[in-house]
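All remarks here apply to the structure that follows.
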Amino acid sequence: MSETNDIKNALRSIIQTSDEIYSIACKVDSVDTAEKTCYCIPIDGSADLQDIRLITDTSKVGFMIVPKVGSYVLVTMLSETNGYVAMFSEV
């Protein structure tokens, strides 16, 4: 049993990254439908978020939900600089 736990712990330490996926509640400041992104202001007062994706691949055509300017969204951050709108209060 101990050997199995040692192996599991070793694998966890190898694949563990410092990137944490988390979400931030924001207010939509502006939307750029041509670029399929928006500019969001976190309600907790942290730094503004630019170029937040409204669609997975902004270089392709697909189903895109456009949030209303002034509405609230939940932005999920995949890295320090890459995020997408996961939930909307108004579209």
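Would you calculate, for the chain, the mean residue ellipticity at 222 nm contributed by helices, counting each DSSP H stretch of 4 or more residues as -39,500 (n - 2.57) and dividing by all residues, to the nearest 500?
Value at 222 nm, helices only, nearest 500: -5000 deg cm²/dmol.
From the protein chains alone at 1.4 Å, what is the descending order of accessible area for Phe88, Phe63, largest first?
Values: Phe88 70, Phe63 175 Å².
Of Phe88, Phe63, the descending order of accessible area is Phe63, Phe88.
If the reach is capped at under 24 angstrom between alpha carbons, list the lysines near Lys27, excluding any in the same chain fewer than eight residues apart.
Filter leaves Lys36, Lys68.
Would you kindly enumerate the cysteines in the chain that have no other Cys beta-carbon under 4.7 Å from their beta-carbon?
Here Cys38 come out as lacking a disulfide-compatible partner, given the Cβ-Cβ threshold of under 4.7 Å.
With a 1.4 Å probe and all protein chains in place, put Ser79, Ser71, Ser2 in order of accessible area, largest first.
Reading off the accessible areas and sorting them downward yields Ser2, Ser79, Ser71.
Taking a 1.4 Å probe, which of Val31, Val91 shows the most accessible area, and what order do the others take after it? It would help to have the intermediate numbers written out before the result.
Numbers: Val31 45, Val91 115 Å².
The ordering from most to least exposed comes out as Val91, Val31.
For the chain, give the percent of accessible area contributed by carbon and sulfur heavy atoms, probe 1.4 Å, rounded to a whole number. Don't skip to the answer; put the middle values down first.
On the way: 3470 of 6590 Å².
Here carbon and sulfur together make up 53 percent of the probe-accessible area.
Looking only at Ala25, Ala34, Ala47, which one moves most when the chain is put into a Gaussian network model with springs between Cα atoms under 10 Å?
For the chain, modelled as a Gaussian network with Cα springs under 10 Å, the answer is Ala34.
The values are calculated or read from the model by the stated rules, or taken from the named source; none is laboratory data. As the structure is a prediction and not an experimental result, all values here were calculated from the model. Counting neighbours? That spans all protein chains shown, and the Cβs are built from the backbone with ideal geometry, glycine included. When the accessible area is computed, the model is the full protein with side chains, heavy atoms only, and any ligands, DNA or RNA have been set aside. Shrake-Rupley method; radii C 1.70, N 1.55, O 1.52, S 1.80 Å.
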